[in-house]
Every structure is written in structure tokens, then in C-alpha cells.
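See below for the structure under consideration.
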Amino acid sequence: MTKIADNINPHVYEKNSDREVTSTERDEDVEDEFDEREIFDLIRNINDPEHPLTLEELRVVEESNITVNNKDNTVDVNFTPTIPHCSMATLIGLSIRVQLLRALPSRFKVTVRVTEGSHASEHAVNKQLADKERVAAALENNNLVQIINQCVAAQ
Amino acid sequence: MSSSWLTPSLSEDLIKNNDLFKETHSIIADIMSGRLDIVQLVENMGGVLTNKEAEHRDKGMRFFTKILKELPQDYLTEAMINFISKFYIDRLKDNHRVIPAVLEGYLAIVNMTNYNVTNSGEFFTVLFREVPCQSQLRQDRYNIYCIVQTLLNKNLEYIKSLGPDFVYGVISSMDGERDPRNLLFLFGFLSTFLKDVPLGHLVDDMFEVISCYYPIDFHPAPDDPAPVTRQDLANALCPCLCAVPEFGEQCLVLLVEKLDSSLRLAKIDSLRLLKESCNTFKAETYGPFLKTLWASIHREISHKTDEELKMVAHETLSALITKLATVSNTDQSFENFVKGILISMQTAIAESSTVAQLVQASKVLLTAANASKESCLIVIRSMIPATVAYYGFKTTSKLQIASLDFLGDLYEMAVHWEVIEQLGAEVNEIPQLCLTAVSQPSKEYQIAGFKTLIRVRNALQSELVLPFIEVLVHNVQFSQDKDLLSVSVETVHAIARKYPEDIMTLVIKGKCDLENLTQDKEALQKRLNLLSNLASIDDFTKIIIEEMLKIITKNDEDASKVVEAMNESMSNASLYSNEKLTEIESDHGLIDSILSWVTSELHTGSKEGLSHGFMLIANTMSSLSVEKQQKVLSKHTGNVLEKCKSDEAYFHILSCLYSSVHQSVYDSSFEDIMTLALTLSLQSKDDDIRTKACVLVAHFLNKAEYGQKFEVLYELLKNFQSDGNREQALSTTLIVLYGWVTKALIMRGNDMFTFWLQKIMTTLSCQEFSQHGSEAIKLVMTDYPDYLNSKHHCRSGLLYKQRMYQSFKSLTGNIGPENDDTKQYYLLSWAYVLEKVPKTVLNNDVGKIAPLIVESLEYDNKDLLQVMLDILCHFIQEKHDVIALSLQTILPRLLNLSKYVKSMDVRIKSLQCLYEIANAYRTMILLPHKQDILLDLAPSLDDKKRLVRNMAVKARTRWFLVGAPGEAKEN
């Protein structure tokens, strides 16, 4: 099965350098809170299902589109598909969700949404991603899990 | 019983039984001793050789062939061989059963010394007519090829004279060969055959037969013990396809087709072939194909992920350009080709939005420029202005910085091909652009600009010196950033080498105002650093050093700053060579000045300032020659030693004078100093002095030449040790001394170290001192930058750490039962030893070390845990089975340590071990633990330290994949 990618020649952006380790991070006594950059680091290296490129390089996820609230224990991630009719949007959203599910402590409530106005069927995608049961059902599907694992595993 | 081969009954015997085959060596012996004539042997075999049954004839031929093979190669005369050859050629027409033996026999014949090559003409004629090569078995085909090759090596001229019929025969005999081993042989043989034998009108046929294998697609049988790999075949085939220039056109047609293949291997093979072909084909051959070739190379060279493919494409492009450049004077195609590359790469650069894309395109251009002088000229002539313009209109800083770097590369390429003169106008633009870059306030721009300027310093015009110096001196004085500071100093240094006069007036006398150096206190330290750095350039040495020493002798309040600056620059070996330091010492009396300053400040000065002074003296001492060292020592020792006896602070001076002497330097005062040092090492109240005393003892023991000198010093040590019942009165300082002595001895490879090591080991089982014992072990294993290394002319045997490890390992066998406290330090000593031994050495002792690690994981000792986890991690990466067997014990302990409160490093390391375990071992043994681990890892995701969380995420997401669909692991 060879399917031609939706967006054959996407625009590639610069990769950000790795987060620098500061002296406070090395300090045993200081508590580091979760911040936007840390969440971004968790998902920036997820692979695009279509290209050998990461979500960061395609600017599907950006640090500015993430909000963390340590007090209320919420994490909101907005992602931007490369083109408005991208058929992979749900899959990308699911990958982000799965990765955060595995990598964040359970106290956080995670919301993953398409950035407003960036996708043709924005509401449908958002609804799917917000529906716990649908997500759980999707993760029962071996083929889907395989694709998601491959996307997530490429660190 | 008389041997049957002496009588005509031989034929009968041969037909009836096979035993005779085992007795050929007796026949050979008989022939050699003259008891049997070979003619007679043939006569005796007559019955079997001419038998009506093909089966029996085959037997006869095999028997005779065996004898021929076992005869010495020079035994038969030419006439005999001629006769036998005729016979064998005749046999080629026989039944197919007989053929294998005939071929084997003929191979034996052609290998004989007296074989006349003229027989081969007839042989080949009959062979190619009567025997269809490809219908034979593998071994027989191989024999045919061997015969051809042997004859070719024997007499090339004659074989050539056989003409096209022979070539045709060879072509048709190998047409359709399928066996990988035979093919490997054939390809190896063909590449020389093609070069030696003219093909005539058969070029096309030959190429067709060879090219049908291209590209090789082959998988060795899985049960083959010594398989021929695809790569072997591909490597062998490649030179055949481009063996002669006549193949040129066809080969290129083939290449153009295969380069467009969708198979990755076909592409790589084709690129390799293209590269290889540049060695034989004429440059004109490529002319008509250049456009398509570039299109294909361009596609592969800009491949996103496949590094190997990219590399090959680069190599190919380079080879192709080098080839074309040879006709650059007569043919327009070369220039057109390079210009084509230029245009497409310029487009790529202009469109690039990330550094990676820019670098990729610029690399292609560098490859093109690197290939030949002509291409270098074309590329650089147009790329320097283009890049300068590019810098102008691109706004992202990363790209601008990358383009500066690219300019530096281009300049170096121009230097490499010596075309700088022809590019004068273009090259001069680079420093100008560097100036634009460094005029920006941003640190990144400045560093990049200076770095490029250092590379292109020879192109710097004198009128640009002033503006650069303005920026540089400002940086040197006011910059807080370490990187920028050091780059700036380096740049001043680089400019000073080209324009010493300018720097002299502008910097040394101007900005830094050497004469009134201490008037302006602001940023004094930084100016001093710059000056002491510049002093390493011959033109400035005298004036700067003199001025600095003046300040020191005056004992100005800033003297300590000067000493610090000098020490920092002069200990940098790339700035100050030994000769330079020697020269400064003899011209300006460096040591004397510093020494008198240090002496006067000894009790009043700051500790740090003094230690810079000591280091400066020690460093200068170590650069001096033996005679000069002796001179300095004889001048100062008496005085200092005397004072030292009453005031231990003088020991600092003694130690810096003596710690860096050459191995051959020795005088009568050494014994006094040794005794003094030993006493101080135990009795001094000052930690610093105790350490320095121990170090000096160690240096002496390490350097003294064997024989009397060493004996005397060692005797002193032994007496000192047995004096005053030190055996009983163990103390912490004594254990430290033991450590240094052990280290000094083991580093020079002296076996007596075991005696001292033993003493340390006994302390390990003693509750009170076990901790100090383990620290002494650490001391032995650690490398110190300031002690016991080659800079101080110390001996450092290769592999001394391995030796220590072996001795330690055997000595631990004797340690008695420990209680829990000493056990901890016992394990800690192990940890110190294991930490410094090369990991590969440990691989042989996994069985012994792994239990120690597992045990250590239970102790609450940060250092111990860190080292042991590190080694555990290494063992896991090496996939040692021992670890896999005790996963049930290890995993809970690791999970426990992932919550270790006292140290985040321990937490991180234990999580890393968990991650590596999931990577290294088979799914089957991991799966039972998966759910527990995922559950137990969850708390670490909420660790208070971000670095721990990162590793926890890595470990947990990895464990999620264990046994899940999509996991990239074989088992």
C-alpha cells in the first residue's frame, strides 16, 4: 500500500536547540515546576506519520501553543496541521495524547486540540480527541497502536 | 607382495577396487626413485584408459589425474607434457562422465613448470567446441576458469595471439554463471583479463554478459558457514564494468538507467560505479550524459535522511569533477557542468530556511570546489560575492552565522588550491563582512565574525585593523562572557601575527597603555590577560615581560594580578613552547623575580595569589633543560632548605622548585628534602603542606633512577615507616601517605607497590579507618592534572590502572569477614577501582563484579551508588547475560533507587539503567516485569527535579513499547 502523502513537500523549519541545563536544575534543593518548554520537549520529537520529520520541524507543535497550569493541574496543547485538509490530523493528535498520557504524572488533565481555524474539520477532530472512550477504543486497535508507537518511539 | 602398478595387471585392479587411489603416494615414490617409468605406468594403465565402459575410463582418468597432481611440478619434461597434453585434449571429446577428471588433470598440467603454452591453442579450440561450460558442475566450471587464468598469467602474448575466437570462447563459457563463489572468482579475474586482452569486435557481447549481473541482488543461504555477501560481489563486479575505456558509452547508459532506480542499493552501487569509472573512462565519454548524471546526483546528494547515500554521492561528484577538470582547457562541458551545479546549489541556498538546508547545499559546493583547482576557481569566484550578498538579505541570525562559517570554509579551500592571488578582489570582501558581523552587539554574531576572521586573517587589509581593534579591545576589557573573551584574545593574537607594528602602537602602547599599566584599575585583570597572551609573540616578548616583571619586583599592590595573568597564559602550552619559556627565563630571570616576590609575600599574601606564583615557578622549571634546572636549584636550595627547617611555609617554595625536575637531576640535598617531606606529610597541621609533602615524596620515588639513588630514597621511606612503631599507630595521614607511595610506585611499574597496597587493604577491615582506606584507593586510581604526570617528567607506565585492578582483585580475596560498616567501604573501594579501569577490561570479569554491584545497590552511599550504577549501565549496554539472570533482584532495587532522596544523579542513573534494560534484553524476559515497572515508574514522572523527570519519561515510554506492536527490536 503506497499512499501519496497529503502534503508532499511541506515547509521545514529550524529545529530548536536542546534545553540548556541550568544551575538551578542541578541544585538538589530547588523544585522545578512543569513549564511549557518541558511539555514541548515531550512532544517535539514525535514523528510525522507521513514524513521522516518531527512535529517540531513541521511546526505542528510550538511552545507558544502550550499552556501549563501547575496549580490546577491542567495541560493544554494546541497543534497546527500543515494543511487545512490534512487527513492525519486525528492521528497526530492521538499520538500527542498518547505520549502525554505516558509521560505526564496522572494529576494533570490533558487537553489536545487543533489550533483554531487551522483545519477544515476542526470540530470533528477536537471532539474525537476529547472523547475518552473513543481514544481508549482506538488504542485497542493493533494497527493504530503500531503506527502511534512508531511515531512516538523515534526519539 | 610386489606392487600391482609395476605390472600390466594394474588396469584390472583399478577396475575392481578403489583401494589403489589411496596408494598413489607410493607410486609417486616409485617414480621419483626410478623404479617405475611414467611411460610404463601409462602402458600398465592401458586397459583401463581405453576400456569400452565410460565408467571405467573415468576411473582411469581420475587415477592418472591424481598422480599428475601429486607429482612434483618440475618432474616431467616438456616432451612428456606435450604428449600427455595431447592425450588429455583428445579425451575432451570423450563421454561427459570423463570430462571432470580431464579438466582437473589439465589444470594440473598447465601448472607444471615445463608446460609449453603453445599446447593451449588446441586445448581451447577443442574445449570451447566440445564442452559446454555451463552444463558442468560448479567445481568443473571453476577448473575451466582456473585454467584460463593460469595460462593468462603464464604467457599473455600467446593467449592474445589466439585472437577473437578465444575471447568468444571465454565469453560464452561464463555466460550465465550463477554460483556466487565462481562469480566472485570470475569478477576478480575479469578485471585483469579485460585490461590485458583486446576485445576487438566483442566489446558489446562482453559488456552484455557482465552487465546482466548489475546491480547485484543476492542473499546468501542462511546455513552457509562462510557466505559470500552481496557487498563482496558488488565490490568485485564494479571494476569489471569499467575496466576498459571501450565500455564507456554502454556503461553510462546503464548507469543513467540504474541511478533512477527506486532501489536504494542500486543507487549506491551506481554511484560507486560512476566514481570508479572515472579512473578509466575518457572525460569525453561523459559529455552527453552530464546533465542527467547531475540530476541524479543532485537528487541523492540532497537526500534528507540517508547519510550513507549522501556520502557516496559526494564522493562520486568529487571524482567526476576531478575527471572532467583534466579537459577543462579543451572542452566547454566541464565549465557548463560546474556552472550547472552552482546554479542549482545557489537556488537551494537562497531557498533554505534552516541551517541544516544551508549546510547541505554549501557542502555540495565545497565538494565541487575541493575536487580540482579549476572547479575551485569557478565556485569560489562566484560563491564569495553570492554569500556576502546572502548575508545581507537574510534576516535570521542562525543563517547569517552559518554563512559566515561557509565563507571561512571557502577561503580555506582557496588556500588549499593556491588560488588566493587570482581571487584577490573576492577574498577581500570577507574581512569586511566579518567587521559588519562583529559590529553587532549580539554575542553570537561577534563570536562567529571573529572565528571567521581568524581563519581568513591573511586576507585582512591593514585599513581594517583599526576598527577591529576598537571592538576587540572593548570586548577584552568589558565583556563578561567567557567564550567571547577568549575568542577576542585569540583574534588579537591572530591579527598581531600579521600586523605586529599596528598592534604594538594600537594595543600595547595605545589601549592597554603598557607604560602606565597600573594607573587605570578598571578591567586591569583582563588587560593583563591579553598582554600576557600577546607576550608569546616574539616581537612583543621583551617589552611586555620586562614591564610585567618590573611591577612584580616593585611588589606593587597589583603584583598578584600580574602573576595570575602570567601563570594562566604561560601554562597554555600552545601559546608558550618550552623553548619560549626557557628563553624568557634566561633573558629576564623569570624565576628569580617570582621567587623573591613569593618569599616576601609568603606570610602576608593571599593564598590564591601565592599559589599562582608557585605554579608559575613549577611550570617554568619543568620547561627548562637539565643543566638549567640544576643551576636554578643549586642557587636556591641551600637557602630555602635552611629556612624550611624552622618555618614550614617555605616548603611551598621547595615543592614548586623540586616537583618538576627531570628524572636525571639528583643531588645530595634530595635525601634531606625527602626526610623533611616525610616528616611534614604526617606532622604538619596545614592540609596543603601535607598534600604537597606527600606529592613530593611520590615524585621523588617515581622519578629517581633505579640503582643507588632509588635505593637510598626507598630506604629512607622504609626506615621512616618502621620508626616509632608506626605499624601500630595507624593514622589517617599515614594512610594518605601510603596511598601516594603506592601510586608513585605502581605508575613506574615497580612491584614493591603491592607491599604498600597491602597496608592500605588491611585498613579496610578496620572499623575506624576503613573510610580512609577507601579514600587512599581512590587517590591511587585518580589522575591529577597537577601531580605525577608527564609535565612534571614523571614516569607513567601504560596500563597501570589495569595492573592496580588485577592486584586489588587478588588482594580482596584475603580480606576477612566484615561487619556492615566496613563492608560499605570495602564496596566503595571496589567502586573507585572499577570506575577508573577501562570498561572493556571489566567485561571479562562480569561474573565477579555483577554480584558486587547488586550488593552495593542496597547501601545508602551516594558515591558508591553512582559508580556502581554507572558500571551496571555499561554491562547492560553490552548485553551481558549475568544481568539478565538476576533481573528479579536488580529491578526492584533500581526502582527503589529511582526514589533515592539524597541525590538526583543516583535517581537519574538508576532510571537510565531501567531504560537500557528495556533496550538491551529480549522481550521474553522483560515482559513479566512490564506492568509492575510501568506502575512503579509513574511516581518518578512527578519528581521535583526536571532532569530526573526527563529520564523517567525516557524509561517509561520505552517500557511501554516492550512487546507492543511497532517496537523496533528483533526479539
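The values are calculated or read from the model by the stated rules, or taken from the named source; none is laboratory data. Keep in mind that what you see is a predicted model, and the values were worked out from it rather than measured. All Cβ positions, glycine included, derive from the backbone under ideal geometry; neighbour counts span all protein chains shown. What goes into the accessible areas is simple: the full protein's heavy atoms, side chains included, and nothing from ligands, DNA or RNA. Shrake-Rupley method; radii C 1.70, N 1.55, O 1.52, S 1.80 Å.
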Report summary line: Counted residues in segment B:358-387 being over 28 Å from the mean Cα position of the chain (by Cα) and within 14 Å of another protein chain (Cβ to nearest Cβ) come to 1
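Looking at segment B:237-245, is at least one residue surrounded by fewer than 18 Cβ atoms within 10 Å (Cβ to Cβ) and under 20 Å from B:Met206 (Cβ atoms)?
Yes.
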Query raised in the report: Any idea which of B:Ser486, B:Ser439 is open to solvent by 70 Å² or more (accessible area, probe 1.4 Å) and either among the polar types (S, T, N, Q) or touching a Ser or Thr at 6+ places or on another chain (Cβ under 9 Å) (or both)?
Result: B:Ser439
Query raised in the report: Applying the selection to segment B:787-829, what residues are without any contact (Cβ under 8 Å) to a residue 24 or more places away in the chain and either open to solvent by less than 30 Å² (accessible area, probe 1.4 Å) or farther than 19 Å from B:Leu852 by Cβ (or both)?
Result: B:Asn789, B:Ser790, B:Leu798, B:Leu799
Report task. Report, by residue number, each residue of segment B:333-357 that is part of a helix (DSSP H, G or I), within 14 Å of chain A (Cβ to nearest Cβ) and open to solvent by less than 50 Å² (accessible area, probe 1.4 Å). Result -> B:Ala348, B:Val355
Report task. With the condition kept exactly as written, say whether any residue in segment B:918-938 is surrounded by 20 or more Cβ atoms within 10 Å (Cβ to Cβ) and within 9 Å of chain A (Cβ to nearest Cβ). Result -> no
Query - In segment B:180-217, the residues that are open to solvent by 50 Å² or more (accessible area, probe 1.4 Å) and either without any contact (Cβ under 8 Å) to a residue 40 or more places away in the chain or not in a loop (DSSP other than H, G, I, E, B) (or both) - result: B:Arg181, B:Leu184, B:Thr192, B:Lys195, B:Asp196, B:Pro198, B:Gly200, B:His201, B:Asp204, B:Asp205, B:Glu208, B:Cys212
Query raised in the report: Restricting attention to segment A:12-34, and to residues there that are farther than 20 Å from B:Asp905 by Cβ and open to solvent by less than 40 Å² (accessible area, probe 1.4 Å), which single residue is nearest to the other protein chains (Cβ to nearest Cβ)?
Result: A:Val12
Query raised in the report: When residues of segment B:692-712 are filtered for being part of a helix (DSSP H, G or I) and surrounded by fewer than 21 Cβ atoms within 10 Å (Cβ to Cβ), how many remain?
Result: 5
Query raised in the report: Which residue, of B:Thr305, B:Thr330, B:Thr285, B:Thr292, is open to solvent by 70 Å² or more (accessible area, probe 1.4 Å) and within 26 Å of B:Pro245 (Cα to Cα)?
Result: B:Thr330
Query - segment B:567-587: number of residues that are part of a helix (DSSP H, G or I), open to solvent by less than 40 Å² (accessible area, probe 1.4 Å) and either without any contact (Cβ under 8 Å) to a residue 12 or more places away in the chain or not small (Gly, Ala, Ser) (or both) - result: 7
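So, in segment A:110-143, of the ones that are within 14 Å of another protein chain (Cβ to nearest Cβ) and open to solvent by 50 Å² or more (accessible area, probe 1.4 Å), which residue ends up nearest to B:Asp943 (Cα to Cα)?
Taking the candidates together, the pick is A:Leu139.
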Query - Criterion: without any contact (Cβ under 8 Å) to a residue 60 or more places away in the chain and more than 34 Å from the chain's Cα centre (by Cα) - qualifying residue of B:Thr754, B:Thr840 - result: B:Thr754
Query raised in the report: Among the numbered criteria (1) open to solvent by less than 60 Å² (accessible area, probe 1.4 Å); (2) out of contact with any Ser or Thr (no Cβ under 7 Å at 6 or more places or on another chain), which single criterion is violated by B:Ala101?
Result: (2)
Report summary line: Sole miss for B:Val780 among (1) closer than 18 Å to B:Phe720 by Cβ; (2) touching a Lys or Arg at 6+ places or on another chain (Cβ under 6 Å) is condition (1)
**Report entry** Unmet requirement for B:Lys899, which otherwise passes all of (1) of a type in the set (Lys, Arg); (2) touching a residue at least 12 places away in the same chain (Cβ under 8 Å); (3) assigned to a helix (DSSP H, G or I)
**Finding:** (3)
**Report entry** Among (1) within 10 Å of chain A (Cβ to nearest Cβ); (2) of a type in the set (Val, Ile, Thr); (3) under 24 Å from B:Thr840 (Cα atoms), the one test that B:Thr957 misses
**Finding:** (3)
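Within segment B:15-32, identify whether any single residue is of a type in the set (Ser, Thr, Tyr), in contact with a helix residue (DSSP H, G or I) (Cβ under 6 Å, 6 or more places away or on another chain) and modelled with pLDDT under 80, and answer yes or no.
There is at least one residue in segment B:15-32 that is of a type in the set (Ser, Thr, Tyr), in contact with a helix residue (DSSP H, G or I) (Cβ under 6 Å, 6 or more places away or on another chain) and modelled with pLDDT under 80.
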Query raised in the report: Are any residues in segment B:253-280 more than 19 Å from B:Met311 (Cβ to Cβ), free of Cβ contacts under 8 Å to residues at least 40 places away in the same chain and either open to solvent by less than 10 Å² (accessible area, probe 1.4 Å) or part of a helix (DSSP H, G or I) (or both), and if so, which ones?
Result: B:Val253, B:Glu257
Query raised in the report: From the list B:Leu399, B:Leu460, which one is more than 19 Å from B:Val487 (Cβ to Cβ) and among the hydrophobic types (A, V, I, L, M, F, W, C)?
Result: B:Leu399
Report summary line: Residues of segment A:43-67 being among the β-branched types (Val, Ile, Thr) and either closer than 12 Å to A:Pro10 by Cβ or open to solvent by 10 Å² or more (accessible area, probe 1.4 Å) (or both), in sequence order, are A:Thr54, A:Val60, A:Thr67
Report summary line: Just one listed residue, out of B:Glu564, B:Glu601, B:Glu642, is charged (D, E, K, R), within 24 Å of B:Lys791 (Cβ to Cβ) and either modelled with pLDDT of 80 or more or surrounded by 15 or more Cβ atoms within 10 Å (Cβ to Cβ) (or both), and it is B:Glu564
Query raised in the report: Yes or no: B:Ser668 surrounded by fewer than 13 Cβ atoms within 10 Å (Cβ to Cβ) and among the polar types (S, T, N, Q)?
Result: yes
**Report entry** Residue check for B:Val867: part of a helix (DSSP H, G or I), within 9 Å of chain A (Cβ to nearest Cβ) and crowded, with 20+ Cβ neighbours inside 10 Å
**Finding:** no
